[in-house]
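Working notes, structure below.
The values are calculated or read from the model by the stated rules, or taken from the named source; none is laboratory data. Given the structure is predicted, the values throughout are model-derived calculations rather than measurements. Quick reminder, even Gly has a Cβ in these numbers, built from the backbone with ideal geometry, and neighbours come from all protein chains shown. Accessible surface is based on the protein model in full, side chains and every heavy atom, while ligands, DNA and RNA are left aside. Shrake-Rupley method; radii C 1.70, N 1.55, O 1.52, S 1.80 Å.
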Amino acid sequence: MIRNNYDTILILDFNSHYSQRIARRIRALNVYSKIVDPNISVAEIKKEAPQGIILVGGSHSIRDIGAERPKGGIYKMGIPIFGIGYGLQLIADAQGGEVAPSFEKTGGQSTLTIEDPHSSLLKGVNSHSKVWLPEGDLIHSLGDNFKRVGSTPACPYAVVENSKEGLYGTQFSIGSSQTEEGDKILSNFLFNICHCEANWNMEAFIDDKIEEIKAIVGRKQVLCGLSGGVDSSVVATLIHRAIGDQLVCVFVNNGLLRKGEPDLVLEVFRDNFNIRLQYADAENLFLSHLKGVSDPEEKRKIIGRLFIEVFEKEARAVGDIAFLAQGTLYTDVLESLSSDKSVRIKSHHNTGGLPEDLKFTLLEPLKELFKDEVRILGKTLGLPDEIVYRHPFPGPGLAVRCVGEVTKERLDTLREIDAIYIEELREGGLYGEIWQALACLLPVKSVGVRDGKRSYEEVCSLRAVLSEDAVTADWYHFPPEILQRISSRICKEVPRVNRVLYDITGKPPGTIEWE
Ligand code: XMP
């Protein structure tokens, strides 16, 4: 294993939705954090050589049968441990304390009282600040060497410390925005207790990754499918920095891209970054196979299969490739670790599915990063804002936004609509505020009036959503005058369209894409 050159905090995640938030907050304080399986062995922890360990748990009780516990040896490693909620109850239980149901209702917002002004965890924390307590068990007594340093009216052991054995904790949530001083407490743990250096930043990450990529790849060649999306663009640029012309990118123009997209990709990667780029013009191939197909899943299957076919042909043309680069992110890694596998509603495609005889080792240099960190990395590597801050775009492209049959003519119409929509969002300063905006062409026609005469033309629907992770989404509340402007520009400038609708469906029940 290649070691990082920066301090690390390990987060043992006992199934809490706060663990990702805590991980991001730690990174925002310039310390690297990593979420790991709570059953991690002492030997594995030693390999990671963390400065500190955090135990974060969910809403269940440590008294439940089969409740997960860390390996007992972690308390003897001499590494400071911070337990949050369930995590602190685990510590208390392992060290001779008593954890039992509370006598009164504890859950909800409460007020902190600092009991010990010399506490290292509460240094600089405002007395009487608000904290968020989960429902459930409470600590009723603690083993020797523990000090009670903070309390709330219903929770006497709200913050505890055992500096002798390096054990610390809060009963209240730290990742919750309703705990006002969460960041301060976290920062005290990192810097006063674990003595971390704030040495995690994008420059350090880039230096580290470049060394790592060079060491892994050696003199061999790496292939990267470039889509023009943020993740593949950042992966390609980072790997190119490390190994230059040993990287070959393949860009497949499937004819389902936005207006100007192929030119932008060629300009940025081939002309500006001098990346070896194979451009596969497969528009006719895709459109001929999509002819007469209206079923969404059928479209996705055809596009996925053809993509693999074209990509494979390009890969074989390059010859001698040892690695396939992919823009896997940390959230993908965490999702595959999680037992809670959510149902896949639509078949998403990627380059998995390549034939067996094309044997590549995967190279996934972004797999420690959250999406917002990938954008910072992209900026640091010099990618233009147009790529770094672009909205997500589905692999099957405009085919799943051309509801009904996909023809060149309908795609061109949709490209014009989309270009006006996105241009107006950028000019109105709304593009960055919206998580994803998209236009669909619907499989109906409507009667209207154009140039004083009856028209019978296409209908489009606009959608804009706010989301954090695409799992749920709210529709975006536009100022009406912006919608009006977009609508009149579309009807005026795009021939064959005489009606514009705005989609006000959340996810659920809708999905973000229409197909
Ligand atoms: P849905 O429509 O399922 O979309 O709510 C959630 C997010 O995923 C994007 N999406 C895709 N991305 N390949 C992709 O890379 C796909 O096949 C695909 N289908 C949907 C969608 O744009 C949204 O951001």
task = Return yes or no: is residue 99 β-branched (Val, Ile, Thr) and surrounded by fewer than 17 Cβ atoms within 10 Å (Cβ to Cβ)?
result = no
remark   = When restricted to 191, 205, the only residue closer than 20 Å to residue 9 by Cβ, touching a strand residue (DSSP E or B) at 6+ places or on another chain (Cβ under 9 Å) and part of a helix (DSSP H, G or I) is 205
ask   = Any chance the range 334-351 includes a residue that's more than 16 Å from the ligand (Cβ to nearest atom), part of a loop (DSSP other than H, G, I, E, B), touching a Lys or Arg at 6+ places or on another chain (Cβ under 9 Å) and at pLDDT below 95?
value = no
note = residue 209 passes all but one of the listed conditions (1) open to solvent by less than 20 Å² (accessible area, probe 1.4 Å); (2) under 30 Å from residue 441 (Cα atoms); (3) within 23 Å of the chain's Cα centre (by Cα); the exception is number (2)
remark   = Exception for residue 383 within (1) assigned to a loop (DSSP other than H, G, I, E, B); (2) at pLDDT below 95 falls at (2)
ask   = Taking the range 401-452 only, how many residues are basic (Lys, Arg) and within 15 Å of the ligand (Cβ to nearest atom)?
value = 1
key: Filter result for the condition that a residue is over 29 Å from the mean Cα position of the chain (by Cα), among the hydrophobic types (A, V, I, L, M, F, W, C), open to solvent by less than 40 Å² (accessible area, probe 1.4 Å) and not assigned by TED's automatic domain parsing to the domain that holds residue 335, over 62, 40   = 62
task = Those residues that are within 25 Å of residue 430 (Cα to Cα) and open to solvent by 10 Å² or more (accessible area, probe 1.4 Å), I need them from the range 392-416; list them, please.
result = 392, 393, 394, 395, 412, 415, 416
note = Residues of the range 380-400 being among the hydroxyl-bearing types (Ser, Thr, Tyr) and within 15 Å of the ligand (Cβ to nearest atom), in sequence order, are 389
inquiry  = Being open to solvent by 10 Å² or more (accessible area, probe 1.4 Å), within 15 Å of the ligand (Cβ to nearest atom) and among the hydrophobic types (A, V, I, L, M, F, W, C) is the filter here; which residues of the range 231-260 pass it?
reply    = 252, 257
query = Can you name the residue in the range 353-370 that is in contact with a helix residue (DSSP H, G or I) (Cβ under 7 Å, 6 or more places away or on another chain) and open to solvent by 50 Å² or more (accessible area, probe 1.4 Å) and is also modelled with the highest pLDDT among such residues?
reply = 367
task = Considering every residue within the range 297-311, establish whether at least one is part of a loop (DSSP other than H, G, I, E, B) and either among the β-branched types (Val, Ile, Thr) or surrounded by 20 or more Cβ atoms within 10 Å (Cβ to Cβ) (or both).
result = no
